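Structure first, commentary second.
The values are calculated or read from the model by the stated rules, or taken from the named source; none is laboratory data. Only a predicted model underlies this, so the values are computations on that prediction, with no experimental measurement involved. With ideal geometry, Cβ positions are generated from the backbone for all residues, glycine too; neighbour counts draw on all protein chains shown.
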Amino acid sequence: MDGLNKRVACLYRVSTLSQVDKETNDIPMQQNACANFVKAMPNWSIDKEYIERGVSGYKKTAVERDVLQQVKKDAENKLFDVLLVFMFDRLGRREDETPFILEWFVEQGIEVWSVKEGQQRFENRTDKLLNYIRFWQSGGESEKTGIRVKEKHTQMIKEGQFCGGIAPYGYQLVKSGYENNKGRQLKKMVINEEESEVVKQVYKLATENGYGGHRIALHLNELGIPTRKNCKWGLTVVNYMLRNPIYKGYPAYGKTTAKSGSNKRLNPADWYVSEVKVDELAIIEEDVWEKAQVIRNARTPKMFKPENMNYSNYPQQTKSPLLLIGLVKCGHCGSTLCTYTQVAKWKTKEGEKRVVRPSYRCTSVNRGIKCDGQITYVQNKIEEPVLDEVLMYLDNLEKVNLDKTISEIRKQTVAKEEKELAAVQKALKKIDDEIKKLNGEIVKAISGDSYFSPEQLSNAIRQQESGRNELFAKEESLNLLLAEKMKDVNKFVSLQGMIPNWREEFERASVDVQKMLISELIDEVVVYRDRIEVNFKISFEEFV
């Protein structure tokens, strides 16, 4: 075929979408380099061009790359004679796979060329070894790059450096004393004292008064506190503040993504959150931040709640003058009790007098459900006996050795999962060691010094990686389970701290705060015609 015209197929690839923008211009660069290379080769002409945009040759396997699969299909159909790339790593960067892909093209009778590295032949064992070593080095560079980027971000987060954009409300940007590789001064975040006081007020209203985002916004506007842009507060801004982990000292990145020319906020579950707490950035205590999340989760409609969401029944709202709204239900039909306002009017010598009396009302009337219980209950008839039972409950708890109880519960709750987690981590280390051995065996296989073929070893590595991914998933699941079970332990710790001052705090608190304090203790109040049942979140029997 040397004297005949050769049909050339060019493959261009960039790993990230940012590499195809106007500034870096990487795809056109590869195209120009390949075009100039073809012009210098007699009887060569570009017949096909394949472009992979934003496709990692290290993270994605060959079967996950649609363009590469099309190139292979066209090679099998003899639609070109030469495959040309700018550099061989455009074919991929996986040492357990890419060398064999390149060799596969040659076996199909396709010449494989690189603008920078020339033609890759397989005429002897040395060619095979050099081919493998090239991609082994390329894969190593990808690993090192990923490690460097991750380490850089971790270090920047740890030092409170800012990676771009606008500092969240409560913070400001100052010079960090560092410069980037272009000599540009980098900035870091520090707490803005004036704004941080507003942040503390927002979290206090959410956790102590039970205010939702809309009510908090109204409250701030009534106080005449402007936003940073000198605008009025709104629901979206407040809710965004209440879920941002930066306020407990954990910077989060990747909160937005640019699509269709506009920024879109991502789900908090998709944010990249620092694993390192930056103490100098913490405005809110961690337990307060976590409590705010639990309260918000409790108000999320059940159809939208993730399976692992905490379902604690904090009041859905605290506007009602009634103390137990959100916790109380009818024992006869199971319907919730809502606020019902009765207005009493009478005439006196001074004129008409008017008294508003809130009461509890069974919602079966509104829902068309038959109920043989009482429809309306006077406020004091329900709240006074419930408060008496709460105070008796707390008096009894003061006599219990909670330290011993908490220690026993901690031991019983998490010991099994901690043992399983240790076993999973040991298995992961064993798999990592096995993959290293298999990679070393591939070099021997290419040189002809192994009992196994490169393909067999490559399949074995894939199997090990599959097992490793399963263990990673199990490790993550166990960590989540441990975190969830520790919440059961922590509720006892929280109760322990609450006992000595609960009565005093309750008596001097506003109705909003009283509702939140009650909801910390009570799971449910069930009302019958002749009795009231109070179900506490933690049963007294658990202590005796």
Would you check if there is a residue in the stretch 424-433 being assigned to a helix (DSSP H, G or I), surrounded by fewer than 17 Cβ atoms within 10 Å (Cβ to Cβ), of a type in the set (Gly, Ala, Ser) and at pLDDT 90 or above? yes
Filter result (aliphatic (A, V, I, L, M) and surrounded by fewer than 23 Cβ atoms within 10 Å (Cβ to Cβ)) within the stretch 75-101: Ala75, Leu79, Val82, Met87, Ile101
Do the conditions hold for Ser335, that is, is it out of contact with any Asp or Glu (no Cβ under 6 Å at 6 or more places or on another chain), at pLDDT 90 or above, polar (S, T, N, Q) and surrounded by 16 or more Cβ atoms within 10 Å (Cβ to Cβ)? yes
Within the stretch 347-365, which residues are surrounded by fewer than 13 Cβ atoms within 10 Å (Cβ to Cβ), of a type outside the set (A, V, I, L, M) and in contact (Cβ under 8 Å) with a residue 12 or more places away in the chain? Arg357
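Hey, among Phe100, Phe105, which residue is hydrophobic (A, V, I, L, M, F, W, C), in a helix (DSSP H, G or I) and at pLDDT 90 or above? Break it down stepwise before answering.
Details: Phe100 fails: at pLDDT 90 or above.
Among Phe100, Phe105, only Phe105 is hydrophobic (A, V, I, L, M, F, W, C), in a helix (DSSP H, G or I) and at pLDDT 90 or above.
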Do we find a residue being touching a Cys at 6+ places or on another chain (Cβ under 6 Å) and at pLDDT 85 or above anywhere in the stretch 318-332? yes
Go through (1) part of a loop (DSSP other than H, G, I, E, B); (2) modelled with pLDDT of 90 or more one by one and return the number of the condition Lys381 breaks. (1)
Selection within the stretch 496-518 - at pLDDT 75 or above and either touching a Lys or Arg at 6+ places or on another chain (Cβ under 9 Å) or in a loop (DSSP other than H, G, I, E, B) (or both): Ala509, Ser510, Asp512
